[in-house]
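Here's the structure, in structure tokens; my notes come after.
The values are calculated or read from the model by the stated rules, or taken from the named source; none is laboratory data. Quick caveat, the model's predicted, so the values are computed rather than measured. Quick reminder, even Gly has a Cβ in these numbers, built from the backbone with ideal geometry, and neighbours come from all protein chains shown.
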Amino acid sequence: MQKMQNNIANTLRFLRKEQKMTLVQLAQKTGVNTSSLSRIERGEINITVDLLGRIAKALNTSPQIFFDGIPLQEKINSSRNSFVEHFRLSAKFIYQFNKKIFVIAFGGEVLKDKQIKQITHDINLLHSLNISLVLVHGIRPQIDHKLIAARNRTRLVRNQRVTDKQALEQIIEVNGRIRTEIEATLSSSMSDSPMAGSDIKVSSGNFLTARPVGVIDGVDMEFTGQIRKVDTHAILDKLSHNEVVLISPLGFSPVGEIFNLSYEQTAAQIAASIKADKLIYYIDSDGVLNKRGELIPEMTTEKAENLIRSIEKNSSPENAAHISYKDFNILKSSLSAIKQNVEKVHLINRNTNGSLIEELYTDKGSGTILTEYALEKIRPASLKDVKRIHQLIEPLGQDGILLSRASEQIERDLDYFHVIEHNHNLIGCVALYPYESMTEIACFAIHPNNQRQGYGMKLLNYCEKKIKNKNTEYAFIFTTQSEHWFEEKGFVEADKNTMPTERRKIYHLERNSKFFTKKL
């Protein structure tokens, strides 16, 4: 029975990843929560016949495949090729993140749902890649359980607990137990685990000076606190000795009082104080979702502020669609961190195994990244772009989608080329050739990994703006395979005899490209 359960789990995970479907997307298609799907994929719980049928339908396959499985050698070959390719592509990120400082924050749900082990495996991998790590943990579900057992009902005001003296004593007790559990998991180096041979040194301490929050909405929050000062020097000293710093959501006053802190706000404050390169939150979903429940992979502070205002104005954080109250508070803390000069904040799914690695070491990522300004940049091409432009368009030239161009030709026409970058990586290009009363949009290409994400539209808008600034009335393009995309953007097919005379002299008859124009 267990063997069959494991086979179903392995096949489900393989098929889902092959189709690049997230657990959240599969959950939406099947009506099952992500936590249950995650446990099914790990072989921890059985699956009903009805659910198996729904999963098979969502994956466009037959339920029988879960019993037949996928031929082992096919799995091995696919997995091996995928690993090699992804490892090669991750090299640029390994180099980029060397000696950087990341703050990683996760709530007590990670321990309650037994996800801490897989997360610490990923944390260990980051540590082995020479990344300095500060971990900030929460304890809310464990506190809730403890207080209910003690029949001590505490109030929440704006999703912050009113911490009386009795509650504080229980919070201190729970915090000590949770911190010890995390330290033990981080320090594990069992020979049969991914952490075998690791030698992580975990350091904790009273790095936070706090003060009382005071009165909120007329309610005295008592021993609920907020950070007054972060001992930046002490934290950086621990990191310089290759230690992982683990920080609990408790703060201390100069007169010896202890305060219960929000781990979300604590992580943001620490990241700002130590000038961390990244702040990463584990949340309940894939990231920030739009009204249709689709992932928003990138958000600027302006967009995040608009979303927060919209939620607070049109509904309430408790009842907002596609974002939990806890994740709403994380979004606000993320915004606070960016305003304090933390360059990038990542929101990733705690229910997806390996989401941290996928977010950091792949171009696509796995969650939502928040930055002050947009990650993409469109600019005129420079000499250093020639090689990357050629690498981008060469496969398209071989397939007959674009006109082939040698590096020398690109360099010769460099003044006409423009490129679009995402996170400093060149992902697209275009060339604008001016003629009498028309400008040609040529060599228009977006890297396959970045298609269907809106970059083509942004590049086209940039082109049209550039053309209009030159007081040119018409843009035109030649295409062999993308006519529908350009028609959707307002281009119409035209008589080739109307193309500029100079352009007609170099038109390639053998390609038989279609000629489209657009009045701007």
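Going through (1) in a helix (DSSP H, G or I); (2) closer than 30 Å to K275 by Cβ; (3) in contact (Cβ under 8 Å) with a residue 60 or more places away in the chain one by one, K117 falls short only on (2).
Whether a residue is within 21 Å of V24 (Cβ to Cβ), buried (at least 18 other Cβ atoms within 10 Å of the Cβ), aliphatic (A, V, I, L, M) and in contact with an Asp or Glu (Cβ under 8 Å, 6 or more places away or on another chain) was assessed, and I338 does not pass this test. Selection within segment 397-417: residues that are surrounded by fewer than 19 Cβ atoms within 10 Å (Cβ to Cβ) and hydrophobic (A, V, I, L, M, F, W, C). The member of this set that is farthest from T480 (Cα to Cα) is L414. Return the residues of segment 207-220 that are more than 13 Å from T266 (Cα to Cα), assigned to a loop (DSSP other than H, G, I, E, B) and in contact (Cβ under 8 Å) with a residue 24 or more places away in the chain; say none if nothing qualifies. Hits for segment 207-220 are V213, D217.
A single entry from S355, S324 fulfils the requirement of being under 18 Å from the mean Cα position of the chain (by Cα), within 28 Å of A9 (Cβ to Cβ), among the hydroxyl-bearing types (S, T, Y) and crowded, with 22+ Cβ neighbours inside 10 Å: S355. Whenever a residue of segment 172-189 is assigned by TED's automatic domain parsing to the domain that holds K117 and assigned to a helix (DSSP H, G or I), its partners that are buried (at least 17 other Cβ atoms within 10 Å of the Cβ) and modelled with pLDDT under 90, lying with C-beta atoms within less than 8 angstrom and at least six residues away or across chains, give the pairs L186/I200; S187/I200. Here segment 14-42 is the region considered, the condition is being part of a helix (DSSP H, G or I) and aliphatic (A, V, I, L, M), and the residue that is farthest from R292 (Cα to Cα) is I40. Here is the figure for segment 333-352: residues that are in contact (Cβ under 8 Å) with a residue 40 or more places away in the chain, farther than 24 Å from N33 by Cα and not hydrophobic (A, V, I, L, M, F, W, C) total 7.
In a residue-by-residue description of segment 303-323, the property of being closer than 26 Å to I446 by Cα and in the same structural domain as I101 (by TED's automatic domain parsing) applies to at least one position. The residue of segment 418-467 that is nearest to R503 (Cα to Cα), among those that are surrounded by fewer than 21 Cβ atoms within 10 Å (Cβ to Cβ) and of a type in the set (F, W, Y), is Y435.
Please indicate, with yes or no, whether at least one residue in segment 301-316 is of a type outside the set (S, T, Y) and in a loop (DSSP other than H, G, I, E, B).
Within segment 301-316 (the criterion being of a type outside the set (S, T, Y) and in a loop (DSSP other than H, G, I, E, B)), the answer is no, since none of the residues qualifies.
On the stretch given as segment 413-449, residues that are more than 13 Å from A381 (Cβ to Cβ) and assigned to a loop (DSSP other than H, G, I, E, B) total 6. If you go through segment 233-240 one residue at a time, do you hit one that is without any contact (Cβ under 8 Å) to a residue 40 or more places away in the chain and among the acidic types (D, E)? Yes: segment 233-240 contains one or more residues that are without any contact (Cβ under 8 Å) to a residue 40 or more places away in the chain and among the acidic types (D, E).
Restricting to segment 469-520, and then to whatever is small (G, A, S) and closer than 23 Å to S404 by Cα, can you tell me which residue is modelled with the highest pLDDT? Checked segment 469-520; the qualifying residue modelled with the highest pLDDT is A475. In the set R452, R405, only one residue is outside any strand (DSSP E or B), touching a helix residue (DSSP H, G or I) at 6+ places or on another chain (Cβ under 7 Å) and without any contact (Cβ under 8 Å) to a residue 60 or more places away in the chain; that residue is R405.
When I143, I123 are checked against the criterion of being in contact (Cβ under 8 Å) with a residue 60 or more places away in the chain, assigned to a helix (DSSP H, G or I) and surrounded by 22 or more Cβ atoms within 10 Å (Cβ to Cβ), a single residue qualifies: I123. A single member of E408, E473 is acidic (D, E) and within 24 Å of K514 (Cβ to Cβ), and it is E473. All conditions in (1) surrounded by 19 or more Cβ atoms within 10 Å (Cβ to Cβ); (2) modelled with pLDDT under 95 hold for S333, with the sole exception of (2).
Let's see how each residue does on (1) within 30 Å of G365 (Cβ to Cβ); (2) touching a Leu at 6+ places or on another chain (Cβ under 9 Å):
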site	(1), (2)
A91	yes, no
F97	yes, yes
K100	yes, no
H121	yes, no
P141	yes, yes
R153	no, yes
V162	no, yes
A167	no, yes
Q170	no, yes
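Entry remark, segment 374-402: residues being in contact with a helix residue (DSSP H, G or I) (Cβ under 6 Å, 6 or more places away or on another chain) and either modelled with pLDDT of 95 or more or not in a loop (DSSP other than H, G, I, E, B) (or both) number 5 in total.
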